[in-house]
1. I want the local charge near Asn20. Using Cβ-Cβ distances under 13 Å, sum +1 for each Lys or Arg and -1 for each Asp or Glu among the other residues.
2. Which whole-Hz ³J(HN,Hα) couplings does region 16-31 yield from phi under the Karplus relation 6.51 cos²θ - 1.76 cosθ + 1.60, θ = phi - 60°, glycine and proline marked x?
Amino acid sequence: MKTLKAKLQGTWNYYGLIGNHRRMKLFYGATRRTLYKWLNRRSQRPSITWPAFNRMLVRFHVPRPRIVEKNHEGMPCQKELSFCQRLLDFRTPRTIRMVNARGS
């Protein structure tokens, strides 16, 4: 559980931007389902129920998703445009259209 806590806390710290809470909740749900599945692989029948699993998460203080970005303060990774964003902002010079003039 110590490794899970560290990985989730690092994920929330990195991806905890304003407007990203929905995706973080989806990731947390997928992580919980995967952990529940792996804990129940120990026998033919389920060895832990969902209520007991949720109590275990509370007992071991597994962090829930949270926003860590402050309002009006950009994260360091947001201050510089990515390579793809710079490509999209690059304006290509207009090409000169050549019109074929038909002689009469």
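Where a number appears in this text, it was derived from the coordinates with a stated rule and is not lab data. Fair warning: this is a prediction, and the values are worked out from it, not measured in the lab. Heads up, the Cβs are rebuilt from the backbone with ideal geometry, glycines too, and the neighbour counts pull from every protein chain shown.
1. Net charge in that neighbourhood comes out at +3.
2. Per residue, the Karplus-derived 3J(HN,Hα) values read x, 8, 4, x, 10, 5, 4, 5, 5, 5, 5, 5, 4, x, 5, 5 Hz.
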